[in-house]
Every structure is written in structure tokens, then in C-alpha cells.
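Take a look at the structure set out below.
The values are calculated or read from the model by the stated rules, or taken from the named source; none is laboratory data. Note that the structure is a prediction, hence the values are computed from the model and not measured. Heads up, the Cβs are rebuilt from the backbone with ideal geometry, glycines too, and the neighbour counts pull from every protein chain shown.
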């Protein structure tokens with residue numbers, strides 16, 4: 001249904017405003033000094049969430065959807081912004097979020113993430129994001145399975161003085177049926193950092209370090225800066241990604257009118273519900289074929305590639321080692337984190353065997369292995385993020401000192417690229433790995449992509465692999 005159906009259901013948008021105004025007044029009748037999140041929810045008919053997101057002319061907003069699009073949310077304005085913990089790894093920031101959620105409904109979610117390397121300097125144009133950013137949207141248009149809701153998040157008592165501002169922001173939301181038509185934005189220039197010659201030197205330097213047993217695998221990234229004729233519409237790019245990439249987590253965090261981080265990533269870091277956690281090991285890449293026969297040939301090549309299997313094994317081992325101290329055996333003791341929940345088909349459906357299979361996306365395919373663990377009761381989201389990130393899929397193996405090695409070789413700020421990004425609620429959380437992503441800054445879009453370097457890697461082939469990943473993004477922009 002369109003937003004016309006929404007208007008018919010509630011008679012008018014003003015009815016939403018009236019409902020929220022009435023509930024706001026009731027919230028603040030009694031004095032309450034404890035900070036509490038209240039959630040005003042209004043059921044609505046089906047609506048195009050990404051289209052609605054694109055219409056909202058506000059400086060700060062966010063979008064998130066899971067891989068099968070059963071859960072999606074467009075958040076407009078922020079009721080709360082939590083950034084930059086006091087410690088490089090941010091245990092205090094995670095603790096602050098959890099304390100905010102304790103008295104809240106389970107459906108309340110903070111969305112955000114942390115910097116890939118929190119010990120490195122924050123550089124322009126990542127300054128708005130700092131080393132960690134989590135937001136509680138003021139307004140949410142959300143989809144859960146086949147149900148839709150409009151939500152207003154209120155924090156008492158601090159929002160008691162903000163009622164008029166909240167209602168003013170609500171009145172400014174665009175619920176019209178008019179579609180957004182934006183002209184194609186011409187690309188004026190492309191700059192690669194490092195360029196191809198410098199890339200060869202860096203990969204060879206990493207391969208030389210492997211001979212001294214510094215590490216067995218390292219993931220090196222490149223960034224490609226595209227300069228456009230006019231300022232970039234981040235929500236338009238997000239809409240194009242959403243419409244053209246399936247089986248991906250889609251995300252967009254816009255913290256100012258001209259600055260946003262967005263992407264479409266297939267890779268889950270973990271999903272937790274109470275003490276049950278699911279993780280995935282993803283590595284190895286091939287393009288999709290031109291036809292069914294070609295596609296199967298590329299898939300078989302990936303499944304039999306000794307280089308890719310070895311690279312994938314490092315990711316598997318990094319997850320098992322990271323979670324070993326947190327996982328319960330059936331008798332309650334710590335396990336070696338060897339319980340798996342695998343997949344038995346190329347579209348990544350869950351099953352109970354632990355085979356390495358393929359996850360096939362629209363333009364690329366990867367090796368994947370799924371895990372399912374039961375954790376000790378005391379394990380927190382901070383523990384999981386801190387231990388799992390960076391996996392060998394985006395960092396290297398072994399994990400010790402790999403961030404400083406990447407910092408030394410790459411010589412640029414990854415920002416939130418390849419970092420944990422997702423959401424936290426009171427008892428549930430989900431984080432993806434922010435690959436296949438880009439940073440919008442005025443008329444520039446910087447795309448980030450990486451390749452795993454192990455013994456036997458060929459610098460030219462790794463350059464081509466990244467080039468293919470970037471081309472996939474460029475095709476979406478060109479469409």
C-alpha cells in the first residue's frame with residue numbers, strides 16, 4: 001500500500017500527531033527523575049520504508065535492514081546520540097547503552113558501531129563519527145515481518161522540556177505520495193589510494209613480513225575516491241543499494257547534511273539472543289557467472305581453491321579462538337567453541353551440519369561457515385565485539401598486533417569501514433561487518449574494499465579482486 005492507504009487508515013497524518021501529543025502529555029503527568037525510554041507505537045498499513053526515508057529532508061537520520069528484509073527501520077532525528085567512550089575499546093560506552101535499555105521495552109534499539117581501529121587517529125571526513133557512534137532515533141518507520149509501525153521514542157524526564165520541538169519535528173515529516181526524482185550526478189574524477197604501483201609494493205612488503213613469521217594472513221584495503229559534479233544525496237545512494245543488492249545488511253548513518261556512512265554487506269559478525277550467539281566465517285571471492293554453466297564453474301573453482309580454503313580457515317580459527325573462553329559445554333564448563341551450525345545449500349540456508357558452503361550474492365560469491373554457541377550468562381556485547389573484531393576476514397591472523405601492522409602498511413584511516421555495525425536491545429543484538437561500504441562527504445564518495453593476503457598471494461590478482469568489488473558498487477551508482 002502507498003502512504004495514501006496510511007492516510008485512509010488513520011484518517012489523516014494529523015491523527016498520528018494528535019495521538020503522539022496526547023501520549024506525550026500523559027507521560028509527563030507524574031514526576032520521574034530516573035531516565036527512562038518510552039516508546040509510542042502506532043500500527044500502520046504497509047508502506048515503502050526506503051522511499052519514505054529518502055523523502056525526509058533532515059540533517060540526521062539512519063536506515064537499517066537485515067539480510068532477508070524481515071526487519072527494517074528508517075530513523076529520523078535522534079532522541080539520543082552516544083559517542084566516543086572514555087577507553088579505546090569502549091567498555092564504558094557499551095555499559096552506558098545497556099543501562100539505558102534496562103527499563104525499556106525489548107523493541108527499543110540503539111543503532112551504530114565502532115571505528116575499525118579505535119587506537120588510530122580520527123581523520124577528516126570521519127570526524128562526525130568519532131571512534132564510536134550509537135543513536136536512538138526520535139521517529140522510526142519500521143517493518144517487522146509483515147507488520148508496520150510508526151514509532152516515537154521519548155526519554156523522560158529530559159524530553160519533558162522538548163515536547164514542542166518533538167511535535168514540530170513530527171509536523172515536518174514528509175508523508176506525501178510524491179516520488180523523489182533526482183537527476184543523475186556526473187562523476188568528474190576518480191582517485192585510487194594507493195595507486196596500482198604502490199599497491200604492488202605494499203602487498204610485496206606484507207608477503208616479506210610473512211617470511212619472518214609476523215603473521216600468516218593480513219587484509220589490506222584500498223580506497224577509491226569519486227568526485228561528483230554536485231553534492232551527493234546519501235539517501236539516494238542508499239535507495240539504489242537497497243533496490244539492487246539482495247541478501248545483505250543495508251545501513252546508512254547520516255550525521256550531518258553532507259556526511260554519511262552507508263553500505264550493503266553480506267557479512268554478519270554475530271547475532272545474539274540472550275546467551276545464544278550465531279557467527280559466520282566468510283572469505284574467498286569469485287564473481288558470478290554469465291550463465292548457469294559459467295556460474296557453476298566459478299563456484300566449483302572457489303570450493304576447490306587451496307588458496308581460498310586456507311584463507312577461509314584462518315577466519316574459522318579466529319572465531320573459534322575468540323569465543324573459546326565464553327562458550328558453555330553442556331555441563332556448564334567452558335567449551336573450545338567447536339559447536340557449529342552450518343549450511344547445506346548455496347543460498348546460505350541454516351541447517352545442522354558444519355560444512356563450508358557458498359553464499360551467492362547478485363554479483364559475487366564467497367565461502368561461508370556458520371557457528372552457533374551457548375554463552376556464559378555474564379558475557380556482554382562489549383565482550384563479543386572486543387573478542388571477535390577484527391576477524392581474520394577483515395584484519396588478519398593471528399590477531400595479536402594485526403591492527404598496528406595494518407596501520408603501518410595502509411597509511412590511511414579506515415574509519416568505520418570493515419568495523420562492527422548494527423544494533424543493541426535489552427536482550428538481543430546483531431552486528432554486521434561493514435564491508436561493501438562507502439563514505440559520503442559533500443560531493444565526494446569514498447569506496448573502501450580489501451583483499452586477504454597470505455603466502456602465495458599474487459599482488460596483481462588481489463588488485464583485480466578489489467577492482468571487481470568496487471565495480472559492483474559503481475554499476476549500482478551508474479544504474
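Of everything in the range 444-479, what is over 15 Å from residue 224 (Cβ atoms) and either surrounded by fewer than 18 Cβ atoms within 10 Å (Cβ to Cβ) or free of Cβ contacts under 8 Å to residues at least 40 places away in the same chain (or both)? Give them in sequence order.
Those that are over 15 Å from residue 224 (Cβ atoms) and either surrounded by fewer than 18 Cβ atoms within 10 Å (Cβ to Cβ) or free of Cβ contacts under 8 Å to residues at least 40 places away in the same chain (or both): 455, 456, 458, 460, 461, 479.
Go through (1) in contact with a helix residue (DSSP H, G or I) (Cβ under 7 Å, 6 or more places away or on another chain); (2) at pLDDT below 95 one by one and return the number of the condition residue 474 breaks.
The failed condition is (1).
Filter the range 38-49 for residues that are touching a helix residue (DSSP H, G or I) at 6+ places or on another chain (Cβ under 8 Å) and under 18 Å from residue 170 (Cα atoms) and give the result.
Once the filter is applied, which keeps residues that are touching a helix residue (DSSP H, G or I) at 6+ places or on another chain (Cβ under 8 Å) and under 18 Å from residue 170 (Cα atoms), the range 38-49 yields 38, 40, 42, 44, 47.
Given the criterion surrounded by 15 or more Cβ atoms within 10 Å (Cβ to Cβ), more than 19 Å from the chain's Cα centre (by Cα) and closer than 29 Å to residue 373 by Cβ, identify the matching residue among 265, 275.
275
Let's see how each residue does on (1) part of a strand (DSSP E or B); (2) loosely packed, with under 14 Cβ neighbours inside 10 Å; (3) in contact with a helix residue (DSSP H, G or I) (Cβ under 7 Å, 6 or more places away or on another chain):
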| site | (1), (2), (3) |
| --- | --- |
| 163 | no, no, yes |
| 184 | no, yes, no |
| 191 | yes, yes, no |
| 198 | no, yes, no |
| 201 | no, yes, no |
| 210 | no, no, no |
| 220 | yes, no, yes |
| 231 | no, no, no |
| 240 | no, no, yes |
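Which count do you get for residues in the range 51-74 that are within 18 Å of the chain's Cα centre (by Cα), at pLDDT below 95 and either over 15 Å from residue 147 (Cβ atoms) or outside the structural domain of residue 143 (by TED's automatic domain parsing) (or both)?
2
Report yes if some residue within the range 36-46 is over 20 Å from residue 19 (Cβ atoms) and assigned to a loop (DSSP other than H, G, I, E, B); otherwise report no.
Scanning the range 36-46, I find no residue that is over 20 Å from residue 19 (Cβ atoms) and assigned to a loop (DSSP other than H, G, I, E, B), so the answer is no.
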